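One structure is given below, encoded as structure tokens.
Readers should treat all values here as calculations from the given coordinates under stated rules, not as data from a laboratory. Every value quoted in this text rests on a predicted model; they were computed, and no experiment measured them. Cβ: placed from backbone, ideal geometry, glycine included. Neighbour counts: every protein chain shown.
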Amino acid sequence: MTTTSGADRAGAGTPTLSVIVPCYRCPGTLRDVIAGLEQSDLPRDRWELIIVDDNSDDDTADVARAHADHVLVTSNGPRGPAFARNLGSTVARGDVLVFVDADVVVTPTTLSQFRQVFSAHPDVGSVFGAYDLSPRDPGLVSQYRNLLHHYVHSQSPGDASTFWAGCGAVRRELFMALGGFDAKRYPRPQIEDIELGYRIGATGQRILLVPEIQGKHLKRWTLLRMLKTDLRERAVPWMLLLLERKELASNGPLNLRVTEKVLTALAGLVVLALPLALILGDVRWLYVAIAACAAIMIANAPLFLWFARIRSPLFALAVIPLRLLFYFTSGFGAVWAMITHRLQPSRAPRPALGEGTDHAAA
């Protein structure tokens, strides 16, 4: 690990917020992210900027050094955003850690909004927001993914049972006591923030979703990237986590609603029914698959109407196949996780950061 300290830029006093940005091979988007943070209406002496470069082989770290108060560079990397965020927390001086992804541009009010929520709610351990309504990439898949994120988060304001690290904040004392993100289990971008959210909730500290806290997503989604992410990085690990926690029947906001679980189960039924229809030559299985697809479509009617209102009816029609693909991928991932979960290693309790070697960097 190499470190560049910019303590003089941050001022002598301890800042209220420590903004941690993990990054890897992204000098272009990192410049935009930093520019957004520098437009914050929260005075600069009330927050510090910590950028953790995950051993990029380009000029990402150089871009960071021109602006950040601290720049950390992992060794033997890349180690993943969970490890990078944990590493950044070890040099943080603020009492609140604000995590911002290296492809999310916050608004001028984002940092002050985080500060206001924590000041007003002493029982809140973490807060997170949402993407805005104007993602940068104009492609259909990118627009669909980012607008879907906004819609889901805007429908569930208030208390949550999970966490989102794209634009989220956690009290530093709580984060350190919990051992931070599980970097061993999630060595690449997966559901490390969701898993942390479960552990935060188990402490009795509240998690708040405040959709008004927003950031612009710069990521360009492709169809292949979407399918790989939904299956390998979300559906399978999330189902494994739910099975481990024995929470399949629990209800909650976001994708933990019982309705979403039922729709995922219906998609899993489609995944099973179509091969059976072909193998057995029994058309009744085809009817089952069609009925399950129709139920998914009907349940998502409010979402499609919302897409039509904020974009166009044509856009709403165009994203229907993408929505069905999401459920099919989630259903397949859930089935696969249920088959393989008994092969997963048992999980040892996590130490607090600084008590073990899980967060160490050479």
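For Lys184, the aspartates and glutamates whose Cα comes closer than 16 Å to its Cα, not counting residues fewer than 8 places off in the same chain, are Asp54, Glu192, Asp193, Glu195, Glu233, Glu355, Asp358. Working ranking of peptides 205-211, 227-233 by packing, defined as the average number of other Cβ atoms within 10 Å per residue, highest first, is 205-211, 227-233.
Once the Cα atoms are used to define both axes, helix 110-120 deviates from the longest principal axis of the chain by about 90 degrees. For Rg and Dmax of the Cα atoms in Å, the value computed from the atomic coordinates appears in the list (1) 19.3, 59; (2) 21.0, 75; (3) 27.3, 92 under label (2). Other residues whose C-beta falls under 14 angstrom from the C-beta of Val124 contribute a net charge of 0, scoring Lys and Arg +1 and Asp and Glu -1.
Per 0.36 nm of contour for each residue apart, how much would the distance between Leu231 and Glu247 grow if the chain were fully extended, relative to their Cα-Cα spacing?
3.8 nm
Give me the angle, in degrees from 0 to 90, between the Cα long axis of helix 313-340 and the longest principal axis of the Cα atoms of the chain, rounded to the nearest 10. Roughly 90 degrees, rounded to the nearest 10. Summarising the amide proton neighbourhood of Gly180: residues at separation of 5 or more, or on other chains, whose placed amide H is nearer than 5 Å comprise Leu353. Modelled label positions at Asp123 and Ala177, each set 7 Å beyond Cα in the direction of Cβ, lie 1.6 nm from each other. Taking amide hydrogens as placed 1.01 Å from N in the peptide plane, the amide H of Asn55 sits under 5 Å from those of Thr74, each at least 5 positions away in sequence or on another chain. Descending by average beta-carbon neighbour count within 10 Å, the peptides 79-88, 44-53 line up as 79-88, 44-53, the highest first. Packing order of peptides 182-194, 160-172, 272-284, highest average first: 160-172, 182-194, 272-284 (average count of other Cβ atoms within 10 Å over each peptide's residues).
Computed from label points 7 Å out along Cα-Cβ, the spacing between Asp137 and Thr222 is 0.9 nm.
The angle between the Cα long axis of helix 27-38 and the longest principal axis of the Cα atoms of the chain comes to about 70 degrees, rounded to the nearest 10.
Would you list which aspartates and glutamates come within 12 Å of Lys261, measuring only between C-alpha atoms, while excluding same-chain residues fewer than 8 positions from it? List returned: Glu247. Stretching the chain fully between Ala294 and Gln39 yields a gain of 87.1 nm (0.36 nm per residue, less the alpha carbon separation). Our summary gives the range 11-109 a relative contact order of 45 percent, counting only alpha carbon pairs under 8 angstrom and 6 or more residues apart. The amide H of Gly94, built 1.01 Å from its N in the peptide plane, has Ser18 as neighbours under 5 Å, considering only residues 5 or more places off or on other chains.
Mean residue ellipticity at 222 nm, helices only, the chain: -14500 deg cm²/dmol; runs of at least 4 DSSP H residues each add -39,500 (n - 2.57), and the sum is divided by the number of residues. For the range 2-221, averaging the sequence separation of C-alpha pairs within contact (under 8 Å, six or more residues apart) and dividing by the residue count gives a relative contact order of 26 percent.
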